Structure formats: structure tokens, C-alpha cells
Amino acid sequence: MGEYRVYYTVAAVFAIMSVIVFITLFYITAPYGRHSKASRGPFMSRRVGWIIMESPASVLLFLFFLAGENAAGPGLVVFFLLWQAHYMYRSFIYPLSLPRAGRMPVSIIIPGFLFNVVNSYLQGMWFFSLCPAGTYSSSWFLDPRFIAGFALFFTGLYINRKADRMLRELRGRGEGGYSIPRGWLYERVSCPNYMGEIIEWIGWAVMTWSLPGLIFAIWTFANLFPRARSHHLWYRQNFPEYPDDRKAVIPGIF
């Protein structure tokens, strides 16, 4: 029972922190990219910083998968592979595609690293050790929650990857500074990459129908929704011609 008590205590504190972060980010803009300031230093290589920040999610879940008593369940194997499909890309492939000269503040890397450590603990401990044996047997693949969540997950993954690729291509054309993204979902929202990631982890929550999945979806929204708003306002402030009908992250709404 002690292990469960520790787990649910961490989960409760982590969930409460997501609400605090959500409110805070409406008043303090996270110093990523265009929002970085020299006063937010020290800085380090963006490539290295991104790998340090994101890699715990891939590495730790792999260790939980190896050590867990439930890891042989068919559904859990699928969850593990889907998780790695996102985080192997986010931890290693994506940062290696970034410009070598890019820098990011250590003040972003440290909390991002800690978030991924705690979140990976919640996901890995639940799925591979604490959830009742047989919860995610092969019959789970026919459950409407798995089917709907799986579809949402891959829809979000596709949107996130394509939006990221379009941004990289825009910056790779040799244009000075930032410019207005055009085409596809960028005609509807300023941050389709954030929209895709929100959809992706809502899909994870539905597909796994679990407390850690729900907490992760809440955290993703709490972190990315206000950041999308900050990006959207930045575009409007810096580009007078920015499209009036373009929303921040939810087409036609916000």
C-alpha cells in the first residue's frame, strides 16, 4: 500500500502544479525562441539542451518497461511503442534538425527535465507495475476508448510533425528573422504544432483511460494553451498584416 500512497501523492501534487503553471503562463511568457531575453540566461546549445530536457521521457519509460511486471501485456506493448514514437523523435531526431547556432536558456531546460522525469514516473509506474494485471489485454484493442484514442493520437502526431516541418522549412529559406507561416492549418491557427500535441495527448488519455494519461493531457493543455496565446499575440504585435481571422490554437474559437 505504501507504493500506491506515494504514487497517488505524486500524482495529486503534479496535477495541482499543472493548474498553477496554467495560470502563471498567462502572466509570465516562457522564454522560448522569439520570447528569449538575455536576462533569462545562462544559455546553452539548443540542440544539447533539448536532448537533456526531453530524453528522460524516452529513457525512463524504457527502463520501466524492462523492469515492470506488466510489460508483457499486448496493450502495454502498444502504449510503449506509441510513446517512443513520439519521444524518440522529440528527444533526438527533432533537436538534431535544429540550427547549430541556436541557444536556449537553462531556466527552461531544468523545469522541462524535471517535468519529464515526474511524468515518466507516473506513466511508467502505473502501466508497467501498478495497474491491475490484464487491464490492457488484446480485447482492449476492440474497446471504443482505444479505437477513438488511437485515432486522436495519430491525428495529433501527424499535425504536430507536419507543422514542425513547415516551420523548419520556413526558417531554412534564408529569410531574416521570423515571418508569417502560410498554408495548411497555419491559415487557421498560429500554432498548429501545439494544437497537434494537445490532440495527441488527449488521445493518449482516452486510449489508456487512466489517471496518468488524464494528468498528462491536462498538463499538455496547461502548458501549451497559454504558450500558443503568447505566440499569437507576438505575431499580431510584430506583423500588422497578420490575418485577423487566424486564431491561436483552436480553429474558429481561440
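Any read-out appearing in this document is the output of simple, stated calculations on the displayed coordinates, not a laboratory observation. From a predicted model like this one, the values you see are computed outputs, not experimental measurements. When we count neighbours, we look across all protein chains shown, and the Cβ atoms used for this are built from the backbone with ideal geometry, even at glycine.
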Distant-in-sequence amide H partners of Lys247 (H built 1.01 Å from N, under 5 Å): Val189, Ser190, Gly252
Cα-based helix-to-principal-axis angle, 46-67 vs the chain, degrees rounded to 10: 10 degrees
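Suppose R0 equals 22 Å. What FRET efficiency, 1/(1 + (r/R0)^6) with r the Cβ-Cβ distance, do Arg168 and Val117 give to the nearest 0.05? Please report the intermediate quantities before stating the final value.
On the way: r = 28 Å, r/R0 = 1.26.
The value I calculate is 0.20.
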Charged-residue dipole, Cβ positions (Lys, Arg, Asp, Glu), the stretch 36-122 about Cα centre, Debye nearest 20: 600 debye
Residue order, fewest to most surrounding Cβ atoms within 10 angstrom, among Lys162, Lys247: Lys162, Lys247
Which labelled figure in [x] 30, 21, 17; [y] 32, 20, 17; [z] 41, 21, 17 is semi-axes √(5λ) of the Cα gyration tensor in Å, once derived from the coordinates: [y]
Prolate/oblate/rounded call for the stretch 31-136, Cα gyration tensor, a/c under 1.5 rounded: prolate
Sequence-separation-based contact order of the stretch 143-254, relative, with Cα cut under 8 Å and 6+ spacing, percent: 34 percent
Packing-based exposure ordering (other Cβ within 10 Å, fewest first) of Phe127, Phe43, Phe92: Phe92, Phe43, Phe127
FRET efficiency estimate (nearest 0.05) - Cβ-Cβ, Arg5 to Arg145, R0 25 angstrom: 0.35
Most mobile of Met17, Met195, Met207 in a GNM of the chain (Cα contacts under 10 Å): Met17
The chain: angle of helix 74-88 to the longest principal axis, Cα-based, in degrees nearest 10: 20 degrees
Amide hydrogen neighbours beyond the local backbone of Met44, cut-off 5 Å, H modeled: Met104, Val106
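Note down the Stokes-Einstein diffusion coefficient of the stretch 143-254 in µm²/s, whole number, using a Kirkwood radius over alpha carbon pairs, 10 °C, and 1.306 mPa s. Let's see the in-between values first.
Working: Rh = 14.7 Å.
For these conditions, the coefficient is 108 µm²/s.
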Approximate spin-label separation Phe239-Ser97, in nm, with each point projected 7 Å along Cα-to-Cβ: 2.0 nm
Inter-site label distance for Arg182 and Ala15 at 7 Å from Cα along Cβ, in nm: 4.7 nm
0 to 90° range, to nearest 10: angle between helix 106-125 axis and the chain longest Cα axis: 20 degrees
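Rounded to the nearest 500 deg cm²/dmol, what is the calculated helix-only ellipticity per residue at 222 nm for the chain, with -39500 (n - 2.57) per DSSP H run of length n ≥ 4? Present the calculation step by step, with values, prior to reporting the outcome.
On the way: 7 runs with 153 residues, N = 254.
For the chain, the value works out to -21000 deg cm²/dmol.
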GNM flexibility winner over the chain from Gly124, Gly75, Gly102 (Cα, springs under 10 Å): Gly102
Pairwise centroid distance, computed over Cα atoms, of the stretch 204-254 with the stretch 76-119, Å: 19 Å
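Take Asp143, Asp244 and order them by how many other Cβ atoms sit within 10 Å, fewest up front. Mind dumping the intermediate values first?
Values: Asp143 14, Asp244 6.
Ascending Cβ contact count within 10 Å gives the list Asp244, Asp143.
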